[in-house]
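J.: A single structure is presented below for examination.
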Amino acid sequence: MTIEVDPRHAKPLPFVAAWAGVVVLGGLSLGTAFLAIGKWAPIIQFAIAFIQAGAVYVLFMRLKGPPSLKWVFAASGFFWLLFLYGITMTDYSNRRGWPPPSVSAPSVLQTPAARAPQASNGQ
């Protein structure tokens with residue numbers, strides 16, 4: 001199946017399907033933030049983001065086809081994205097005491113029994 005990206009001849013169905021896919025993947029990415037999957041969470045979330053970016057690059061930026069100047073701009077944007085990820089990772093890796101040894105859920109997400117103070121016997 002070929003997808004026509006010329007706006008004069010393109011059918012809307014592939015673009016609507018890609019948009020729906022990006023939205024579903026965004027929800028999946030949000031869902032993985034609340035799962036207890038440990039060190040795999042960033043890897044899964046970056047993979048989801050890579051798939052989303054690929055769909056946006058190929059369909060919405062119309063990069064399918066022969067090389068052109070828009071490929072240069074897409075590649076430069078991708079380069080700067082990698083550069084910013086690199087800066088973020090160097091900051092993250094050089095912090096002392098991060099991540100904290102134990103992180104508990106915010107009080108809003110805890111059950112009422114976990115939020116209630118423990119009553120001491122004898123007082």
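J.: At 7 Å along Cα-to-Cβ for each site, give me the label-to-label distance between TYR92 and ALA47 in nm.
T.: Placing both labels 7 Å beyond Cα along the Cβ direction yields 1.6 nm.
J.: Follow-up question, since we're still on this one. With a cap of 11 neighbouring Cβ atoms within 10 Å, and only residues DSSP puts in a loop, list the chymotrypsin sites (Phe, Trp or Tyr not before Pro) found in segment 12-46.
T.: Filter output for segment 12-46: PHE34.
J.: Moving on to the next point. Looking at segment 1-77, which trypsin sites (Lys or Arg not before Pro) are DSSP coil and have at most 10 other C-beta atoms within 10 Å of their C-beta? Intermediate results must be reported in sequence, preceding the final value.
T.: Working: sites: ARG8, LYS39, ARG62, LYS64, LYS70; in loops: ARG8, LYS39, ARG62, LYS64.
When the trypsin sites (Lys or Arg not before Pro) of segment 1-77 are filtered for loop state and at most 10 Cβ neighbours within 10 Å, ARG8, LYS39 remain.
J.: Using only Cα atoms, what Kirkwood radius does segment 12-66 have, in angstroms? Don't skip to the end; give the middle numbers.
T.: On the way: mean 1/r = 0.0826 Å⁻¹.
Roughly 12.1 Å, rounded to one decimal.
J.: So between ALA10 and LEU84, what do we pick up on full extension, going 0.36 nm a residue minus the alpha carbon distance?
T.: Values: separation 74, 0.36 × 74 = 26.64 nm, distance 3.44 nm.
Computed gain between ALA10 and LEU84 is 23.2 nm.
Just so you know, all these numbers are worked out from the coordinates, no wet-lab data involved. Given the structure is predicted, the values throughout are model-derived calculations rather than measurements. Because the Cβ atoms are built from the backbone with ideal geometry, glycine has one as well, and the counts that use them run over all protein chains shown.
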